[in-house]
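A short write-up of the structure that comes next.
No value in this document is a laboratory result; all are computed from the given coordinates. What you are looking at is a predicted structure, and each value in this text was computed from that prediction instead of being measured. Glycine also receives a Cβ, built like all others from the backbone with ideal geometry; neighbour counts cover every protein chain displayed.
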Amino acid sequence: MPLSSRAAPDITELADLCLSYLAEHPEELLAFMEQAGFDPHTLRASLGSRRLQQGLIDHFAANEGILLALCANSGLTPETFMRVWHKLNPAG
């Protein structure tokens, strides 16, 4: 069932979608790792952490191109994605 057909994803589910997208696009994964200060070891060690989840969601929210691609591929609307982002960043 596409994500747009049901309730908004939770933070973990949305972060997993982001990470899956990056895993399929190595150049985008490298850009995220460089921006966030991760190397392969620290990225692996951070899997499942709230810090990584929020960083992934922030990265996509700040990059319209990959945000739109993720949404198109997952059946999620950009508005739904940004509602989850706003919950993490209520001050904007």
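If you go through segment 62-92 and pick out every residue that is closer than 21 Å to residue 36 by Cβ and of a type in the set (Gly, Ala, Ser), you end up with 5.
Give segment 13-63 a look and list any residue that's hydroxyl-bearing (Ser, Thr, Tyr) and under 24 Å from residue 79 (Cα atoms), or say none. Matches in segment 13-63: 20, 21.
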